[in-house]
Every structure is written in C-alpha cells, then in structure tokens.
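Since the structure comes first, as structure tokens, the remarks are kept for the end.
The values are calculated or read from the model by the stated rules, or taken from the named source; none is laboratory data. In this text, all values refer to a predicted model and were calculated from it rather than measured experimentally. No Cβ is skipped: glycine too gets one built from the backbone with ideal geometry, and neighbour counts run over all protein chains shown. Note: areas computed on protein heavy atoms with side chains; ligands, DNA, RNA excluded. Shrake-Rupley method; radii C 1.70, N 1.55, O 1.52, S 1.80 Å.
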Amino acid sequence: MHDLRHFYASVLIKHRESVKTVQKRLGHAKPSITLGIYTNLWPHDQDTIRAAVESTLAQVPSMCPKSHAKQNLRRSAA
C-alpha cells in the first residue's frame with residue numbers, strides 16, 4: 001500500500017503539482033514532511049530555469065521586426 005502512495009506522489013510531482021497540493025493529497029501535517037520525503041522528485045531549479053529561458057529566447061527573433069534584428073546583430077558583432 002505504501003508503494004502505491006509513493007507512486008501517487010510521484011505522478012503528482014511529475015505533473016508539476018505544488019508541494020502544498022501534494023502535502024494535502026497525502027495528508028501530511030506540514031509541507032516540510034512532504035519535501036523531506038519527495039524533494040528529489042521535483043525538477044531541479046536549474047532545469048526549469050534553463051527551460052524557461054531557452055523557451056523565451058527562442059521566440060525573440062520571431063518577435064523582432066527584420067530591420068531591428070539586423071541592427072541588433074550588427075551591434076553585437078561590433
């Protein structure tokens with residue numbers, strides 16, 4: 001039964017549920033209990049930060065008018 005509980009927690013975490021949500025669903029008294037057990041399952045900040053920045057920056061050239069993009073390239077090359 002405890003394995004099913006861990007599986008349930010891991011599914012919630014994989015789908016980016018918050019610590020508070022997982023805590024409530026598992027019936028832990030405090031979020032610190034949930035973090036103490038499952039902290040290794042949440043994505044590392046570096047991974048999520050990197051993905052967020054890469055996703056945002058990938059859209060920048062398409063958002064810039066062509067004339068501005070060319071000017072910015074010239075400035076950065078100088």
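Quick rundown of the values:
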quantity	calculated
Filter pass, residue 53 being aliphatic (A, V, I, L, M) and surrounded by 13 or more Cβ atoms within 10 Å (Cβ to Cβ)	no
Pair list, Cβ under 8 Å, 6 or more apart: region 20-44 residue of a type in the set (S, T, N, Q), other residue loosely packed, with under 11 Cβ neighbours inside 10 Å and at pLDDT 95 or above	23/30
Residues that are hydrophobic (A, V, I, L, M, F, W, C) and loosely packed, with under 13 Cβ neighbours inside 10 Å, drawn from region 1-12	1, 4, 7, 11
Within region 1-15, considering residues that are touching a residue at least 12 places away in the same chain (Cβ under 8 Å) and within 20 Å of residue 48 (Cβ to Cβ), the one farthest from the chain's Cα centre (by Cα)	9
Qualifying residues in region 13-32 (those that are outside any loop (DSSP other than H, G, I, E, B) and closer than 18 Å to residue 47 by Cα) - the one most open to solvent (accessible area, probe 1.4 Å)	14
